[in-house]
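The values are calculated or read from the model by the stated rules, or taken from the named source; none is laboratory data. Because the structure is predicted, anything quoted here is derived from the model rather than measured. Cβ: placed from backbone, ideal geometry, glycine included. Neighbour counts: every protein chain shown. Quick note on the areas: whole protein, heavy atoms, side chains included, nothing else; ligands and nucleic acids left out. Shrake-Rupley method; radii C 1.70, N 1.55, O 1.52, S 1.80 Å.
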Amino acid sequence: MTQGTTMATVYVTGTLASYAARADRSRGRVHDEPPPTTRTSFQRDRDRIIHCGAFRRLEYKTQVFVNHEGDMFRTRLTHTLEVAQIARSVARNLQLDTDLAEAISLAHDLGHTPFGHAGQEELNHCMRDYGGFEHNLQSLRIVDKLEERYGAFDGLNLTFETREGIIKHCTPENARTLGELGKRFIEGGSPSLEAQLANFADEIAYNNHDVDDGLRAGLITVAQLQQTDLFARHWHAVDAEMPGISARRMIHETIRRMISVLIFDLTQTSLDRIRDVAPADVDDVRSAPPLIAFSEAIQKESSVLKQFLFEHVYRHYQVNRTISKSRLILRRLFQAFVENPSLLPPDFQTDTASDAVQARRVADYIASMTDRYAMREYRRLFEVTEV
Ligand code: MG
């Protein structure tokens, strides 16, 4: 008998609602392992994610602003931590499994390329003849296959519930390759509430931190932000309550209130919807329509803010210049490696004659890079100052 089955479990769980995902009733892992003894299965997933290499690389990957543009901007890692914090808070209020919500949040951006969405779009374009590239699927590929940390299996061997949460969207074509995990994209259905929640936590985090970062970068102004009701309402309230505080404090007070209102609304609206449907367990949740939601009014305000950020921050000409340069770097790296795989580190070279298999390994290599590593590789391959 293994040690794992003889020791008593010593972890403590909070009160979970009937509709929460249950670590002790998990659908399990692809490779059987003894249950953990000092933590739940979802806590073990979370811990495995934090210890993996792809998680550490998030520190040097772009969220919106490339890492070397300034030390104060969000990176993929600090964005991820903010998502996990918001997801945990709401999960606790809804009596969901906070560890599962946290694990999904910590893993949700693992598959992102260097240089944020520009990198993803370029790599997807480069991979158009080989099945494309999608960061969400890449996150799953990392935790299922690419991490090399355990003797007995590839990947992190996470529970079904964490893997289910990582796959937010998926084409039916890709879904057919995912077995049980892909079913809901073909037959309909929802993931656990913890997974639905991580998705909203992502939106709350980036909408708010991109206001903060956009202002700090000087891409947008407070005057422009008054076009959005969500910002304007809270800005005026802060101004009335705390006249004379510094501009920096005004901005942070406003953003703090925006986050609070979004979290409060999400909690209330979701609780109402859960009460209406009254799911007896997580399988009832899976067959119900999505239950985690904003109210209509807040959803509209959040969408307006998102659209504002898209137009004024994500497509600002200064950002466009970085996007253009980032895409060029990834495009040229991809072309060079596909034309001549012998330039790749040995782990990424394949013996196969299949172009698609080799191209996928090139995509794995490029997607794994941090911003600065991609720039270094670019210099190594294309700068002719020294050979
Ligand atoms: Mg994200």
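Loop only by DSSP, 16 or fewer other Cβ within 10 Å of the Cβ. Give me the trypsin sites (Lys or Arg not before Pro) in the range 289-368 that pass, ordered by residue number. Filter output for the range 289-368: Arg315. Considering only Ser192, Gly179, Leu156, the residue lying farthest towards the positive end of the dipole of the range 131-214 is Gly179, judged by Cα position with unit charges set on Cβ.
Computing FRET efficiency as 1/(1 + (r/R0)^6) for Ala247 and Gln335, where r is the C-beta to C-beta distance and R0 is 45 Å, gives about 0.45. For the range 155-169, the residues whose backbone nitrogen is under 17 Å from a point 7 Å from the Cα of His31, taken along Cα to Cβ, are 155-160, 163. In the assembled protein chains, Leu100 presents an accessible area of approximately 0 Å² (probe radius 1.4 Å). The phi-based Karplus calculation (6.51 cos²θ - 1.76 cosθ + 1.60; θ = phi - 60°) puts the 3J(HN,Hα) values of the range 144-160 at 8, 10, 7, 5, 10, 10, 10, x, 8, 7, 7, x, 9, 6, 7, 5, 3 Hz, whole numbers, x for Gly and Pro. Taking a straight Cα-Cα cut-off under 16 Å and skipping sequence neighbours fewer than 8 places away in the same chain, the aspartates and glutamates within cross-link reach of Lys300 are Glu203, Asp229, Asp265. Think of each Lys and Arg Cβ as +1 and each Asp and Glu Cβ as -1; about the Cα centre, that makes the dipole of the chain roughly 500 debye. In this Cβ point-charge picture (+1 for Lys and Arg, -1 for Asp and Glu), the range 55-123 has a dipole of about 120 debye about its Cα centre. Available extension along the chain between Arg176 and Asn124 is 16.8 nm, counting 0.36 nm per residue and deducting the alpha carbon span. Please go through the residue pairs Lys61/Lys325; Lys168/Lys306; Lys61/Lys183 and name each one whose alpha carbons sit more than 22 Å apart in this structure. Correct reply: Lys61/Lys183. On the accessible surface of the chain, probed at 1.4 Å, how many percent belong to carbon and sulfur atoms? Carbon plus sulfur share of accessible area: 50 percent.
Taking a span of 27 Å or more along the helix axis (Cα atoms) and a mean Kyte-Doolittle hydropathy of at least -1.0 as the rule, the DSSP H helices of the chain that qualify are 193-216, 247-277, 317-339. Gain on full extension, evaluated as 0.36 nm per residue between His169 and Asp351 minus their Cα-Cα distance, stands at 62.3 nm. Computed extension gain for Gln224 through Val384, at 0.36 nm per residue and net of the alpha carbon distance, reaches 53.1 nm. Using a Gaussian network model of the chain with C-alpha springs under 10 Å, which one of Gln318, Gln63, Gln43 is most mobile by mean-square fluctuation? Evaluated over the chain, the most mobile residue of the options is Gln318. Mean residue ellipticity, 222 nm, helices only, the chain: the sum of -39500 (n - 2.57) across DSSP H runs of n ≥ 4, divided by residue count and rounded to 500, is -18000 deg cm²/dmol.
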